[in-house]
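Okay, so here's the structure we're looking at.
Computed from the coordinates by the stated procedures, all read-outs in this text should not be read as laboratory data. Owing to the predicted nature of the structure, the values given are computational and were not obtained by experimental measurement. Here the Cβ positions follow ideal geometry from the backbone for every residue, glycine too, while neighbour counts run over all protein chains shown.
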Amino acid sequence: MQNRTKGLTLAICTHNGKGRLQPTLDHVFAQQVPPVPAGIDWEVLVVDNSSTDGTAEWLGENYPQGSPRGVRVVREAKLGAIHARQRAIQEARFSYLSYIDDDNWIAPNWVAEIFRIFEAHPSVGIISCPSTAHLAEPPPEYYEGLKGWLAVGDLYPEDGIVFARPAYFWTAGISLRLKAFEELVGTAYETCLTGRMGRHTFGGEDHEMCLTLTILGWDVYYTHSTSFTHDIPPSRLTVAYLEKLIGNGTKSGPILDVYKNVYWKKPFVPPAVRMTGATLQCGIAALKYGAKRVLGRAQGPLHPNRIGYLSALGCMQGYWIHFRRIALAERNVSILKSLHKARGNKPQEQQGAV
């Protein structure tokens, strides 16, 4: 890790995002931040994650580095959200970092508020905030119940330190104290989940990152003092897209449960037994959904029983996909627990967070 000066890096990780970036950057450059030395040092870093649509070239032409609306572009050839996010951490020049997805429109006070909270709370490693959606057309009726899958919503009613554990958030709009990651340098810790890879909507790398920092002992802060808007095209509101998103997202469950069990404290069960249990759960969910369809009680798209079946199926498939990496997650947890330090108030070790 490099020596960083105090300030905030806005990191935009993008794959073929040329068509989405202009409004995102318009909001970034609408920040109301006093210039240094009286104000805050900040930068815009774009990680081009193996794009093939000319994203980097377009940025170089329209937002040249060094200009008043310039961005710094680095290329990450290894496809996968976690590789782009890790590259952003490596490249960031400042002490704090916000992940701004290429379709996130941040509020004008973002830089000022995120910097203020980190400065005021030295035990805080993670900051999250509410989000709303920008929709080109009225959403389908199932949208409201599933918008959390699209990184839209208000997760906590109050501002301040979040004490419930496990606590984790979507990476869109999350802010991190980069000093926290320095504690992992030189250890055998290795992330297990890759996240989204191009058009493949894998997930979980955001939750793994949050769980990693909370197990290390860093506090979590939730604020309503700033926010972002998620620009969601109609193509991401279709039944097909959402079913794929849910199915792929729940595949991370077998890995994330290893981290969550630091707080749940459930008795150890061998992974092979857990995989058998997940297979049985999937079968039960399929039978419930099938029976309700036959009886005419599961009408319409994305019925709750349909979602339950997709989630159980994703979890079962996750065991087959990640079975060999469960041991890696268990090793990671042992490393994190050995590095744990009490930094703030003691959290409530309970289920019931996001």
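Could you compute the net charge surrounding residue 95? Neighbours are other residues with a C-beta less than 11 Å from the C-beta of residue 95; K and R count +1, D and E count -1.
On the way: positive: 4, 6, 93, 177, 179; negative: 41, 119, 182.
Local charge sum for residue 95: +2.
Computed from the Cα positions only, the extents of the chain along the three principal axes stand at 66, 49, 39 Å, in decreasing order. Most simply put, the chain has about 30% antiparallel DSSP beta bridges, counting only bridges with both residues inside it. For the chain, modelled as a GNM with alpha-carbon contacts under 10 angstrom, which of 20, 236, 325 fluctuates the most? It is 236.
At a Förster distance of 35 Å, what's the computed FRET efficiency of residue 78 paired with residue 295, Cβ-Cβ distance as r, to 0.05? Could you put the intermediate results ahead of the total?
Details: r = 49 Å, r/R0 = 1.39.
Result of the calculation: an efficiency of 0.10.
Temperature 25 °C, viscosity 0.890 mPa s: under these conditions the Stokes-Einstein estimate for segment 1-113, based on its Kirkwood radius over C-alpha pairs, is 174 µm² per second. Largest GNM mean-square fluctuation among 290, 80, 125, using the chain with Cα springs under 10 Å: 290.
For the chain, the longest stretch holding no GluC sites (Glu not before Pro) located in a DSSP loop with at most 14 other Cβ atoms within 10 Å is which? Show your work: numbers first, answer last.
Details: sites that count: 141, 158, 190.
By the stated rule (loop sites, at most 14 other Cβ atoms within 10 Å), 191-354.
Restricting to DSSP H runs of at least four residues, report the calculated mean residue ellipticity at 222 nm for the chain, -39500 (n - 2.57) per run over all residues, nearest 500 deg cm²/dmol. Show your work: numbers first, answer last.
Working: 12 runs with 141 residues, N = 354.
Here the helix-only value at 222 nm equals -12500 deg cm²/dmol.
Within segment 245-291, report the chymotrypsin sites (Phe, Trp or Tyr not before Pro) that DSSP leaves as loop and that have at most 12 other Cβ atoms within 10 Å.
Numbers: sites: 259, 263, 264, 268, 289; in loops: 268.
Answer in residue order: 268.
Restrict the search to segment 112-221; then list the trypsin sites (Lys or Arg not before Pro) that DSSP places in a loop and that have at most 16 other Cβ atoms within 10 Å of their Cβ.
When the trypsin sites (Lys or Arg not before Pro) of segment 112-221 are filtered for loop state and at most 16 Cβ neighbours within 10 Å, 199 remain.
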